[in-house]
Amino acid sequence: MESSTHVALLSSPGMGHLFPSLELATRLSTHHHLTVTVFLVPSHSSSAENKVIAAAEAADLFTVVELPPADMSDVTESSVVGRLAITMRRHVPAFRSAVSALTSLPSVLIADIFATESFAVADEFHMAKYVFVASNAWFLALTVYAQVWDKQIVGQYVDQKEPLQIPGCEPVRPCDVIDPLLDRTQPQYFEIVKVGMDIASSDGVLVNTWDDLQGRTLASFSDRNLLGRIMKPPVYSIGPIVRQSSSKKGGSSELFNWLSKQPNESVIYVSFGSGGTLSFEQMTEVAHGLEMSGQRFVWVVRAPTVRSDGAYFTTGDGSEEQSESKFLPEGFLERTSEVGFVVSMWADQTAVLGSPAVGGFFTHGGWNSALEGITNGVPMVVWPLYAEQRLNATMLAEEVRVAVRPKELPTKVVIGREEIAVMVRKIMAEEDEEGKAIRAKAKELQRSAEKASVEGGSSYDNFAKVVKLFGKSV
Ligand code: UDP
Ligand code: UDP
């Protein structure tokens, strides 16, 4: 029997990278019968992550190799992207050893965007080099084009008076540039510009979007007069790659029991991703806003953080005990006990969104969350916090129009309870033109995503095309 193509996948730490990498690996092995080895860099900072890795190992659809920790004791860099880039750089030797220890060498390496320095190992072992961008095409365009802005634009991008241009794409408002590009003097700025260059030197790029959603941006990559000038490798839109809802798993818990008793599409699910947190003041306003909206809700609550550098972020997501009543408004839990369900730290998000009771999503707009919202056909309140979330929010709320967003950035000001209540009501209850249009658009986008993914759809075809190319790299 002919042995199947062996693909290696390398994922950087963090749930937003781990989940899509594991889902991609699942599809490569189950739908396309490839032999897959996933190399992981665990952060060892959350029980949720430990469980996900253990579940992937137990499912036995592919081999999971956890790389040993690298010494980071001398690293003073504190930015998320800066640390991530250094972490992955320091893991290159461990990755090299792990690859050389395999009995059969992979012919293809798929690295996530923070793992592109492993391409040196791919070259040594004659592997084809692909990048998996677990975000969308607009983010990819910006990341790749940053190397041009770097030479053309004088001063900080955030201080520019006009929107920043990317050939063939929507211009980017200065306030929407991704976090690592906000300050051009910082190490993470140079790291992300380099990531863009590394992506452009790969053999191909897989991006978690689909043609119908971002046709114009995707077309720009293949046009030599537009982004194709910088980006030589082909870009394959293969999304949405999202985890299938694991409703069976969650089925017996108190939360799913409660959800099963709520009317269809009556509950808004509130969650700020694997790392998002709010300030104490903001949390108070969200609580009152939810209460004032009169809508049912499920809220994944994390202890508030003190704002230091404008980012509300925690890397712990499920290990520590917390007592919600300490930081939620007095009496809130009692007053809302009939209509609300507060979950501590972490929920099985795809299962919650897949519940028929859930009809809206209050999200930080991480791309995995956005796709999970879209594939479940729910309208969103989008509340950008960090990374590329301002860009995602602009796309979802102002262009695609499946979401509403606060008038100002929630990282700049505290958004008041009245505005929150209005946004929640708008997507859940309002029978005005706008409310109806947003809900209708959410259903339309869900169908568009489904269409792309089934046989004959653009992402289905692109996926098959890539797998065929993998076969030729042997
Ligand atoms: N997630 C989850 N439960 C939570 C919070 C997050 O299952 O309580 C999952 C979510 O479904 C998504 C991922 O963690 O798949 C977060 O990725 P995303 O890109 O949305 O945001 P990030 O956490 O990377 O900012
Ligand atoms: N859009 C965006 N960023 C993207 C891709 C799309 O803001 O990366 C918006 C775009 O402005 C348009 C809509 O989403 O309103 C549909 O996108 P498409 O790329 O298909 O643009 P079109 O072909 O409609 O100009």
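Determine how many Å³ per residue the convex hull of the Cα atoms of the chain encloses. Don't jump to the answer; show the numbers that get you there.
On the way: hull volume 70.1 nm³, N = 474.
So the per-residue hull volume is 148 Å³.
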Exercise. Using modelled backbone amide H atoms (1.01 Å from N, in-plane), which distant-in-sequence or interchain residues come within less than 5 Å of VAL270's amide H?
Worked result: VAL298, TRP299, VAL300, PHE362
Exercise. Going by alpha carbons, how many degrees (0 to 90, nearest 10) lie between the helix axis of 47-59 and the longest principal axis of the chain?
Worked result: 50
For this session: Mind pulling the angle between the C-alpha long axis of helix 211-221 and the longest principal axis of the chain? Nearest 10 degrees, somewhere in 0 to 90.
Result: 40
Problem set entry | Burial ranking of peptide ranges 200-209, 13-22 (average Cβ count within 10 Å, highest at the top) | 13-22, 200-209
Exercise. Considering the zone a paramagnetic label at PHE280 would reach in this model (a point 7 Å from Cα along the Cα-to-Cβ line), which residues of segment 324-341 have amide N under 17 Å from it?
Worked result: 324-332
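Take peptides 391-398, 191-198 and line them up by average Cβ neighbours within 10 Å, highest first, as a rough protection proxy.
Values: 391-398: 23.0, 191-198: 20.1.
Order by mean packing, descending: 391-398, 191-198.
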Problem set entry | In Hz, Karplus ³J(HN,Hα) per residue of segment 90-103 (6.51, -1.76, 1.60; θ = phi - 60°; x = Gly, Pro) | 6, 8, 4, x, 5, 5, 4, 4, 5, 5, 5, 7, 6, 6
Problem set entry | Amide H within-cut-off set for ASP112, under 5 Å, with H built and near neighbours excluded | LEU10, SER12, PHE132
For this session: Order these peptides, 42-49, 348-355, by their mean beta-carbon neighbour count within 10 angstrom, highest first.
Result: 348-355, 42-49
Exercise. How large is ³J(HN,Hα) for each residue in segment 399-414, as worked out from phi by the Karplus curve 6.51 cos²θ - 1.76 cosθ + 1.60 (θ = phi - 60°), to whole Hz, x for Gly and Pro?
Worked result: 9, 6, 6, 10, 8, 10, 9, x, 5, 10, 6, x, 8, 9, 9, 7
Exercise. Which shape class applies to segment 162-286: rounded if a/c is under 1.5, otherwise prolate when a/b exceeds b/c and oblate if not, where a ≥ b ≥ c are the square roots of the Cα gyration tensor eigenvalues?
Worked result: prolate
Exercise. If the cut-off is a Cα-Cα distance under 20 Å, which lysines reach LYS129, setting aside same-chain residues fewer than 8 apart in sequence?
Worked result: LYS194, LYS232, LYS465, LYS468, LYS472
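How much length, in nm to one decimal, is gained on full extension between THR30 and SER73, taken as 0.36 nm per residue of separation minus their Cα-Cα distance? Present the calculation step by step, with values, prior to reporting the outcome.
Working: separation 43, 0.36 × 43 = 15.48 nm, distance 3.97 nm.
Going from the current span to full extension adds 11.5 nm.
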For this session: Return the sequence-ordered ³J(HN,Hα) values of segment 259-268 in whole Hz as given by the Karplus equation 6.51 cos²θ - 1.76 cosθ + 1.60 applied to θ = phi - 60°, using x for Gly and Pro.
Result: 4, 5, 9, 8, x, 4, 6, 9, 10, 9
Exercise. Under 26 Å from the Cα of LYS426, which lysines turn up, not counting those fewer than eight places away in the same chain?
Worked result: LYS261, LYS407, LYS412, LYS436, LYS441, LYS443
Exercise. Modelled label-to-label distance, GLU334 and GLU419, 7 Å Cα→beta-carbon offset: nm?
Worked result: 3.2
Exercise. So who's got an amide H within less than 5 Å of the one on SER279, skipping anything under 5 residues away but keeping other chains? H placed 1.01 Å off N, in plane.
Worked result: THR305
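Quick one, can you get me the convex hull of the C-alpha atoms of segment 318-397 expressed as volume per residue in Å³? Can you show the working numbers first?
Numbers: hull volume 9.8 nm³, N = 80.
Measuring per residue, one finds 122 Å³ for the Cα hull of segment 318-397.
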Seminar exercise, completed: In this structure, the FRET efficiency calculated for PHE125 and ASP183 from their beta-carbon separation, with R0 = 35 Å, to the nearest 0.05, is 0.40
Exercise. On a 0 to 90 degree scale, rounded to 10, what angle separates helix 433-453 from the longest Cα axis of the chain?
Worked result: 30
Seminar exercise, completed: Using the Kirkwood formula on alpha carbons, the hydrodynamic radius of segment 350-413 in angstrom works out to 11.6
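Bear in mind that the values in this text are calculations on the coordinates, not laboratory data. Predicted model only: the values in this text are computed from it and were never measured. Cβ atoms come from the backbone with ideal geometry, glycine included; neighbour counts cover every protein chain shown.
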